[in-house]
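Student: Before anything else, here's the structure in question.
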Amino acid sequence: MTADVTAAKSVSLHEARQLCDAPPPFPFGWFAVALCHELRAGAVLTRQFMDREIVIYRTKSGTACAVEAYCPHLGAHLGHGGEVCGEELRCPFHGFRFSVQGSCVYSPSGAPPPAARLGLLEVREIHGAIFVWHGPAGQVPWEIDAPDDESEWHMVGHTVRHVHGHPQELVENSVDIAHLSTLHGLRNAQLVEPPIFDGPRVRIGYTYTQPTPWASGVDKMRIRIDGLGFVFDEVDTPGFSLRFFPLWTPVGERDTIQHLLVSVRKRGRSPVGKAFWRYVEKMSGPLILRGFVDQIKQDEPVWANKKYLRRPAIAEGDGPIHAYRRWASQFYPEGAAW
Ligand code: FES
Ligand SMILES: [Fe+2]
C-alpha cells in the first residue's frame, strides 16, 4: 500500500486499532532524506521528516545542511524561494542570511537580532545518501558504522517509495527468520551468525537457497542495522556480492519513506574484463533493483494491515524478535509506554 492511501490525516477505526499498542511514531536516530546527487551545490530542497517539513541545502563549497523550514524572523518557508548565497542561506521574504551554524549574519533592516537563529539538524552523507539526525535535545548522535570498503562497489540502482508501516516493524523483518521462507519463498533459511546487539547496532547473518536467473546455490546474507533508519544487507551469491540498503524514514504515523539503494561487486577472479563487467553491472542493475522491490512488495500487504502486538506468541524458531524489541526500546523517550 502506498502513501496515496496513507496521506489522509483522519485516522480510521481500523487504524486506531493498529496504533493503540504501537511504539511512538518517531524513533530517535539517523534517517535518510535524499540521495547525495539530488542535492547539488546551491540546491535547496524541502523534505517531509517526522510529521513536519525540513529544508536541506548545499552551500557552494559543498557542505550539506538541514534546517527547520521556517525563518525565525517572520516565518517564511525557506524551501519556497530560499536561496544559497555562497556559504549562506538567504530567506526570500526580507533577505536575512543565515550561516551554516544557523546564526543570522546579515539583515537588511539593521543588526541581525541575536534571537534570529535557524533550527539546525545534524547531517551525514553516507553511501550516496543524506541522513538527518532526530533525537532528544542535547543528545550527541552516535555515528553510523558505514562500510568503509566502497571503492570496489558500484551503485547500480536506487528508488524512493512510500510504505505504510512503522520503521520498527519494517526493520523487525530483518530478524524475523521465519517469514523468509513463508512469505519470500527462500529455502532452508538458517541463522548462521546469531544477532549481536551492540548499542544502537545489530549484526546478524543467514544462509538460504534462492533460485535466481544466474544461479541457484546457497546465498549468505549479512545484515547490519544502525538504529531504525539504516539497514544494509550484504549478499554473497556464487557470482558476485550485492549490497541492499533499505533506508526507512518516518514522515507520519505509519507512513514511511523508503530509499532503496543497490550496489554490486564482482567476486573473486573473473575472466571478464573491466569494461565488460561495467556493462554487466549497468544491464543487471535495474533487474536486481526490481527483484529487491518485488521482495519488499511481498511484505507490504502484511505491513499495511498488521497490528503491533506487545506480547506476540513467538515460537522457538522464529528468530530473536523479543531481543530485537528490547534493543529498539532505546530509540524512544524514556518511559514511553507501549
Ligand atoms: S521571514 Fe525570513 S527574513 Fe523575514
Ligand atoms: Fe520481508
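Student: P(r) for the chain, please, calculated from all Cα pair distances in 20 Å bins and given in %.
Tutor: Spelled out per bin, shortest first, that is 28, 54, 17, 1.
Student: Tally Lys and Arg at +1 and Asp and Glu at -1 over the other residues with C-beta under 13 Å from the C-beta of Pro72: what net charge comes out? Numbers along the way, then the final one.
Tutor: On the way: positive: Arg97, Arg117; negative: Glu68.
Net charge in that neighbourhood comes out at +1.
Student: Moving on to the next point. In whole Hz, what ³J(HN,Hα) sequence does region 191-196 give by Karplus (6.51, -1.76, 1.60; θ = phi - 60°), x for Gly and Pro?
Tutor: 7, 9, 10, x, x, 10
Student: Residue-wise, which Karplus ³J(HN,Hα) couplings in Hz belong to region 111-119, taking 6.51 cos²θ - 1.76 cosθ + 1.60, θ = phi - 60°, and x for glycine or proline?
Tutor: 3J(HN,Hα) across region 111-119, in whole Hz: 4, x, x, x, 6, 7, 10, 7, x.
Student: Between Asp21 and Ala137, what's the calculated FRET efficiency when r is the beta-carbon distance and R0 is 25 Å? Round to 0.05. If you can, show how the numbers build up before the last one.
Tutor: Values: r = 28 Å, r/R0 = 1.10.
Taking R0 as 25 Å, the efficiency between Asp21 and Ala137 is 0.35.
Student: Among Gly138, Gly165, Gly119, which one shows the highest mean-square fluctuation when the chain is modelled as a Gaussian network with alpha-carbon springs under 10 Å?
Tutor: Gly138
Student: By what distance, in whole Å, do the Cα atoms of region 61-186 stretch along each of the three principal axes, largest value first?
Tutor: 66, 34, 28
Student: In the P(r) worked out for region 75-117, what percent of Cα pairs fall beyond 17 Å? Mind showing how you got there, number by number?
Tutor: On the way: 183 of 903 pairs.
For region 75-117, the share of Cα pairs beyond 17 Å comes to 20 percent.
Student: Considering the Cα positions of region 40-115, please state its Rg to one decimal place and its Dmax as a whole number of Å.
Tutor: Cα only, region 40-115: 11.6, 35 Å (Rg, Dmax).
Student: Between helix 274-305 and the chain, what is the angle of the helix's C-alpha long axis to the longest principal axis, kept within 0 to 90° and rounded to the nearest 10?
Tutor: 90
Student: How long are the semi-axes of the ellipsoid equivalent to region 220-265, from square roots of 5 times the Cα gyration tensor eigenvalues, in whole Å, largest first? Don't skip to the answer; put the middle values down first.
Tutor: Details: eigenvalues 125, 21, 8 Å².
Result for region 220-265: semi-axes of 25, 10, 7 Å.
Student: Output the Cα-based Rg and Dmax of region 241-338 in Å, rounding Rg to one decimal and Dmax to a whole number.
Tutor: Values for region 241-338 (Cα only, Rg and Dmax): 19.2, 58 Å.
Student: Take the chain, connect every pair of alpha-carbon atoms lying under 10 Å apart with a spring to form a Gaussian network, then pick out the residue of Met155, Met221, Met283 with the largest mean-square fluctuation.
Tutor: Judging by the Gaussian network model, the answer is Met283.
Student: Quick one: if you stick a label point 7 Å off each Cα along the C-beta vector at Leu191 and Arg310, how many nm between them?
Tutor: 2.5
Just so you know, all these numbers are worked out from the coordinates, no wet-lab data involved. Since this is a predicted model, take the numbers as computed values, not measurements. As a convention, Cβ positions derive from the backbone with ideal geometry for all residues, glycine included, and neighbour counts pool all protein chains shown.
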